[in-house]
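The values are calculated or read from the model by the stated rules, or taken from the named source; none is laboratory data. Everything numeric in this text was worked out from a predicted model, so none of it was measured. No Cβ is skipped: glycine too gets one built from the backbone with ideal geometry, and neighbour counts run over all protein chains shown. Keep in mind that these areas ignore ligands, DNA and RNA; they rest on the heavy atoms of the full protein, side chains included. Shrake-Rupley method; radii C 1.70, N 1.55, O 1.52, S 1.80 Å.
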Amino acid sequence: MISSKTSNRICLCSPQQTARITRIVVSSRPAYLTGLGYPVSLRLSSAVSQSSSQHTRSFSSTRAAHLKDFFPVKETAYIRKTPPAWPHHGYTEEEMLAVVPQHRKPGSLSDWLAWKLVRLCRWGTDIATGIKPEQQVDKSNPTTAVAAQKPLTEAQWLVRFIFLESIAGVPGMVAGMLRHLESLRRLKRDNGWIETLLEESYNERMHLLTFMKMCEPGWFMKTMILGAQGVFFNAMFLSYLISPRITHRFVGYLEEEAVHTYTRCIREIEQGDLPKWSDPNFQIPDLAVTYWKMPEGKRTMRDLILYIRADEAVHRGVNHTLSNLNHKEDPNPFVSDYKCDADHQRPNPVLKPTGFERSEVIG
């Protein structure tokens, strides 16, 4: 549980870093992060505010005295705990470390359009979250290069994570909902697609809730999320009605970007560019420890990002694979049992960045 006391406040950034943060967040009022078990105030001093010629807004408009846990445990007379609807299946350390950024080359015009649309979304997200040119990676290798001239700050990463994860939970829910309705309408089984899609959406929401335990977005970020979700939900809804194959390819490319983002964050943590997150005493939220069943000694911020990156790698492989299948007839290979006389076993999407071809999982 995150404490709401403010007496143990520490400064996350130097004055120079704070000045830079004012250009990527959106007001001269206070912003807050929580991460070491107590609030961390990003108060912008009056000197910094007066020296800034730009009108900025606040990532968090909540005063320090009123900072609270966003979703505290609900106390009732009888209920002790509500377990997750989809318990996390976990990963081995070898699986998590084997995840790397990789790109599936477009094989058709529709694939190319999906890829370019994802790149357009990435460009818009960079602008919305205040990523400067010197903080961007090699544009000629956008999905695999992770080195930039200048690293992001912890505050920038949290802004980016929250914005991205608030959107990432939409595609699985939309696709699962439409397939559920189609199953009812056509009076046919879905062959396992619905469960995987809804679990993907649930998993993305757990990423968001984890980061929400570390910071508190203000009115501007909430407005951005509201607008982005409204546009993205309706776009995904129409897209899936028109072509599930193209939509899954789009999500596969989107997850490639997510794997790239988290890989870069891990690299900057390991290099010491994010000193607060590199601190071995940094406490990640209990929510994350419980959901991912993180063992003792493996509960650093780097470990948390490794788990989340592995989740995104799963979504990457799953969506690229689903795009290769016949969405009306083929069963979902990731929840199916294979014939005992066949030289196959259930595919592992973590280690298949470009997805499985239909011949590999259906025959």
Open item on the list: Any residue that is surrounded by 19 or more Cβ atoms within 10 Å (Cβ to Cβ), modelled with pLDDT of 90 or more and within 19 Å of the chain's Cα centre (by Cα) - is there at least one of those in the stretch 330-346?
Closed with: no
- [ ] Scan Lys352, Lys276, Lys339 and give me the residue that is of a type in the set (Lys, Arg) and under 15 Å from Pro101 (Cβ atoms).
- [x] Lys352
- [ ] Please find, within the stretch 127-145, the residue that is farthest from the chain's Cα centre (by Cα) out of those that are open to solvent by 30 Å² or more (accessible area, probe 1.4 Å) and more than 28 Å from Lys222 (Cα to Cα).
- [x] Ser140
Task: Condition met for Lys222 (touching an Asp or Glu at 6+ places or on another chain (Cβ under 7 Å), in a helix (DSSP H, G or I) and either touching a residue at least 40 places away in the same chain (Cβ under 8 Å) or of a type outside the set (Val, Ile, Thr) (or both)) - done: no
TODO: Would you tally the residues in the stretch 284-318 being acidic (Asp, Glu) and under 20 Å from Ala85 (Cα atoms)?
DONE: 3
- [ ] Looking at (1) open to solvent by 40 Å² or more (accessible area, probe 1.4 Å); (2) without any contact (Cβ under 8 Å) to a residue 24 or more places away in the chain, find the lone condition where Leu287 falls short.
- [x] (2)
Task: Qualifying positions in the stretch 196-224 - more than 20 Å from Glu312 (Cα to Cα), of a type in the set (A, V, I, L, M, F, W, C) and open to solvent by 30 Å² or more (accessible area, probe 1.4 Å) - done: Trp219, Phe220, Met224
Task: Search result, residues across the stretch 298-307 that are in contact with an Asp or Glu (Cβ under 9 Å, 6 or more places away or on another chain) and either open to solvent by 20 Å² or more (accessible area, probe 1.4 Å) or among the β-branched types (Val, Ile, Thr) (or both) - done: Lys298, Thr300, Arg302
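Matching residues to (1) over 30 Å from Thr223 (Cβ atoms); (2) assigned to a loop (DSSP other than H, G, I, E, B); (3) open to solvent by 40 Å² or more (accessible area, probe 1.4 Å):
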position: Pro101; (1), (2), (3): yes, yes, no
position: Arg104; (1), (2), (3): yes, yes, no
position: Ser110; (1), (2), (3): yes, no, no
position: Lys116; (1), (2), (3): no, no, yes
position: Thr125; (1), (2), (3): no, no, no
position: Leu152; (1), (2), (3): no, yes, no
Task: Yes/no for Ala310 being in a helix (DSSP H, G or I), in contact with a helix residue (DSSP H, G or I) (Cβ under 9 Å, 6 or more places away or on another chain), open to solvent by less than 10 Å² (accessible area, probe 1.4 Å) and of a type outside the set (Val, Ile, Thr) - done: yes
- [ ] Determine the pairs where a residue that is closer than 18 Å to Leu274 by Cα, located within the stretch 299-312, has a partner that is at pLDDT below 95 and among the charged types (D, E, K, R) with Cβ atoms under 8 Å apart, the partner being 6 or more residues away or on another chain.
- [x] Arg302/Glu270
